[in-house]
């Protein structure tokens, strides 16, 4: 794996760990943060796959736009579109007043992130981390 791809993966895994921690927290859980980090995990896995394929990484948080770029090398990822579209909103919208995630939304974000993470790790030849 290319060094830059490995760095994207390491950052994605850190975001995934944060999402899991916040979803498990009993005292003062940050559900907005959990959702944001779920989005960040997916974004970084998309960028890892693009980097690994030698495709220029676009500076965007739009997961669907990144997916569209990635489909050239991972056409089966089309099946991830709905999950990625759901997660994409958490990049900005939930970080400011007006929207707030609750436990149910955070757990849904975690499930969708986990599904995409497994897909991305398999494509990158990384071990399954169910």
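Read-outs throughout are calculated quantities, based only on the coordinates presented, and are distinct from any laboratory measurement. This one's a predicted model, so the numbers in the text were calculated from it and none came from an experiment. So basically every Cβ, Gly included, is an ideal-geometry build from the backbone, and we count neighbours across all protein chains shown.
Here are some notes:
- Distance in nm between pseudo-label sites at residue 64 and residue 115 (7 Å out along the Cβ direction from Cα): 1.6
- Comparing 80, 41, 23 in a Gaussian network model of the chain (Cα springs below 10 Å), the most mobile by mean-square fluctuation is 80.
- Helix 3-24 axis, angle to the chain major axis (alpha carbon atoms, nearest 10°): 20
- By other beta-carbon atoms within 10 Å, ranking 61, 37 with the fewest at the front produces 61, 37.
- For residue 25 and residue 85, the FRET efficiency from 1/(1 + (r/R0)^6), where r spans their Cβ atoms and R0 equals 22 Å, is about 0.25.
- Computed extension gain for residue 56 through residue 73, at 0.36 nm per residue and net of the alpha carbon distance, reaches 4.8 nm.
- Summed over qualifying helices (DSSP H, 4 residues or more, each -39500 (n - 2.57)) and divided by its residue number, the chain shows a 222 nm mean residue ellipticity of -20500 deg cm²/dmol.
- Degrees, to the nearest 10: 103-123 long Cα axis against longest axis of the chain: 10
- Cα gyration tensor category, rounded, prolate or oblate, for the chain with a/c compared to 1.5: prolate
- Here the relative contact order of the chain, from alpha carbon pairs under 8 Å that lie six or more residues apart, stands at 31 percent.
- Using alpha-carbon coordinates, inclination of helix 31-52 to the longest axis of the chain, degrees: 0
- Applying 0.36 nm per residue to the separation of residue 107 and residue 1 and subtracting their alpha-carbon distance, the gain on full extension is 35.1 nm.
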